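Asker: First, the structure itself, so that you have it in front of you.
The values are calculated or read from the model by the stated rules, or taken from the named source; none is laboratory data. This structure is a prediction, so every number in the text was calculated from the model and none was measured. Quick reminder, even Gly has a Cβ in these numbers, built from the backbone with ideal geometry, and neighbours come from all protein chains shown. Side chains are part of the model used for accessible areas, which takes the heavy atoms of the whole protein and leaves out ligands, DNA and RNA. Shrake-Rupley method; radii C 1.70, N 1.55, O 1.52, S 1.80 Å.
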Number of protein chains: 2
Amino acid sequence: MPPDHAPARRVTTRRVRTRQRLLDAALEVFAEEGFGRSTVEQVCERAGFTRGAFYSNFTSLDELFLAMWERRSARMLDDLRAALDGMPEAAPEEALRAALTAIPVDEAWYRVTAEFTAHALRNPSLRRVMVAREQAIQDTVLPIVIRALGRAGRRVPDEAALGQALVAVHDGTSTQVLMEPGNATALHRREALFRHVLDSYSAPVGGTGDEPGEVEEEAR
Amino acid sequence: MPPDHAPARRVTTRRVRTRQRLLDAALEVFAEEGFGRSTVEQVCERAGFTRGAFYSNFTSLDELFLAMWERRSARMLDDLRAALDGMPEAAPEEALRAALTAIPVDEAWYRVTAEFTAHALRNPSLRRVMVAREQAIQDTVLPIVIRALGRAGRRVPDEAALGQALVAVHDGTSTQVLMEPGNATALHRREALFRHVLDSYSAPVGGTGDEPGEVEEEAR
DNA sequence: CAAGTTCGATACATGAACGTATCCGATGCG
DNA sequence: CGCATCGGATACGTTCATGTATCGAACTTG
């Protein structure tokens with residue numbers, strides 16, 4: 001129902017295409033230069049435009065940064081979802097490996113994410129965006145992980161805690177892996193850590209009833 | 001033995017003091033504005049100098065950033081060491097809690113670290129600096145952690161793996177905690193995750209001989 | 001206490017990025 | 001096919017950060 005109060009913007013084909021080209025260019029430039037050191041002109045040049053195009057589509061670099069990050073972030077979630085849906089009957093071990101190879105391909109993306117994290121730590125509204133995204137990731141990943149664990153005969157007592165742990169491990173180890181490119185050990189240890197976390201936050205169902213050092217439900 | 005080839009710089013008292021004031025100011029400014037958005041003038045103003053002082057002591061903002069980060073980073077390591085040395089006979093549980101409260105006090109520092117991480121991901125020589133620091137942290141912390149675990153009757157089969165896991169968990173959870181300030185749950189989950197990692201990467205010595213789901217030594 | 005050196009302040013020239021106002025080709029519509 | 005609007009290009013003026021070159025006060029040294 002948009003017979004509008006505002007002038008009823010027609011969204012031209014051209015417009016959406018230039019927006020996308022600008023967003024793509026932004027990812028590249030921010031990854032190379034860093035967000036803080038990037039300029040409007042650099043982004044436009046990379047996209048094959050002049051600054052006129054930019055100011056016609058966005059009002060600030062911050063706005064572009066946010067839009068780009070959210071778009072790319074959503075796509076990453078889609079990829080992850082696809083990778084996990086592809087193996088609905090896999091064992092946790094396999095699913096984990098599949099998920100981990102589906103994700104950390106794009107170094108540029110992780111650079112930009114690190115940049116975005118730093119930026120968000122100084123900006124309450126961006127912080128909320130990041131928190132929301134973390135929640136979205138958990139909502140997507142957790143059910144699948146939990147189902148996989150279930151097939152392996154394990155139950156997760158505190159799902160939210162597992163979700164937070166997985167995200168933390170993912171972020172922390174991603175950085176490590178990127179800091180030493182071509183270090184296979186770091187990659188393997190990353191996988192191992194994930195396995196340990198999955199183990200620690202789940203317990204065998206119908207077994208002896210207790211394992212040593214397992215999770216007790218947390219106080220809220 | 002420095003009867004020098006270079007003009008034999010006398011290091012005046014004044015000089016070191018202004019250097020320090022500049023470094024302190026840099027931490028604050030970078031934390032507030034972000035490194036990329038910070039200017040030489042902002043730092044100098046905060047320190048109570050003009051740009052002349054800066055250019056007399058450093059050649060670029062990058063140089064200042066690196067110097068500041070290394071200094072602060074070293075101090076952080078000292079704090080950590082002190083906190084852990086303070087309780088040479090503590091149980092792992094206690095020591096963990098002590099270490100965790102000794103560290104994550106300074107939000108500004110973590111902002112700057114995030115900034116530095118992002119920066120280092122684009123800069124090979126900074127990457128090496130970060131990797132070296134991670135190594136230093138492990139060299140400092142691991143022996144203490146391992147001794148504490150030992151007193152609790154636990155042995156660590158793969159020490160390097162534990163070190164990497166601890167750092168990853170620290171980094172990953174720090175971000176989470178800072179993203180939602182005043183969220184006690186995140187803090188508790190952080191602690192819990194540390195406990196689980198300590199458990200997963202160690203095994204009781206002289207016990208039954210095997211626990212389920214423990215670490216096997218890793219391939220190199 | 002005089003002479004020299006050091007270090008930060010001041011002044012200046014330069015260049016870069018910004019945002020706006022305007023123009024003109026392209027695109028969609030009748 | 002002609003017209004109206006849209007969207008990006010161009011051309012400003014302005015602000016701001018940079019780096020250098022010079023100056024002068026404070027401290028060191030003999």
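Asker: List every residue pair whose Cβ atoms lie under 6 Å apart, where the two residues are 6 or more positions apart in sequence or sit on different chains, the first residue falls within the range A:60-89 and is more than 17 Å from A:Val131 (Cβ to Cβ), and the second residue, located anywhere, is assigned to a helix (DSSP H, G or I) and hydroxyl-bearing (Ser, Thr, Tyr).
Answerer: Qualifying pairs under 6 Å: A:Arg81/A:Thr140.
Asker: Condition first: at the interface with chain A (Cβ under 8 Å from one of its Cβ atoms) and under 16 Å from B:Ala91 (Cα atoms). Now tell me which residues in the range B:180-194 satisfy that.
Answerer: Correct list: B:Ala192 only.
Asker: Quick test of your reading of the structure: A:Glu94 fulfils all but one of (1) assigned to a helix (DSSP H, G or I); (2) in contact (Cβ under 8 Å) with a residue 40 or more places away in the chain; (3) away from DNA strand C (no atom under 16 Å from the Cβ). Name the failing condition by number.
Answerer: (2)
Asker: Kindly establish whether A:Glu28 is open to solvent by 60 Å² or more (accessible area, probe 1.4 Å), over 15 Å from the mean Cα position of the chain (by Cα) and in the same structural domain as A:Arg195 (by TED's automatic domain parsing). Walk me through it before giving the result.
Answerer: On the way: open to solvent by 60 Å² or more (accessible area, probe 1.4 Å): yes; over 15 Å from the mean Cα position of the chain (by Cα): yes; in the same structural domain as A:Arg195 (by TED's automatic domain parsing): no.
So A:Glu28 does not fit the description; no.
Asker: Continuing with this model, one more query. A:Ala74 versus (1) assigned to a loop (DSSP other than H, G, I, E, B); (2) surrounded by fewer than 16 Cβ atoms within 10 Å (Cβ to Cβ): which is the lone unmet condition?
Answerer: Every listed condition holds for A:Ala74 apart from (1).
Asker: Would you check if B:Phe35 is buried (at least 16 other Cβ atoms within 10 Å of the Cβ) and within 14 Å of chain A (Cβ to nearest Cβ)?
Answerer: Against the criterion (buried (at least 16 other Cβ atoms within 10 Å of the Cβ) and within 14 Å of chain A (Cβ to nearest Cβ)), B:Phe35 qualifies.
Every residue, every condition in (1) within 16 Å of DNA strand C (Cβ to nearest atom); (2) open to solvent by less than 20 Å² (accessible area, probe 1.4 Å), yes or no:
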position	(1), (2)
B:Val40	yes, no
B:Phe49	yes, no
B:Ala53	yes, no
B:Glu63	yes, no
B:Ala67	yes, no
B:Thr101	no, no
B:Asp106	no, no
B:Ala118	no, yes
B:Pro124	no, no
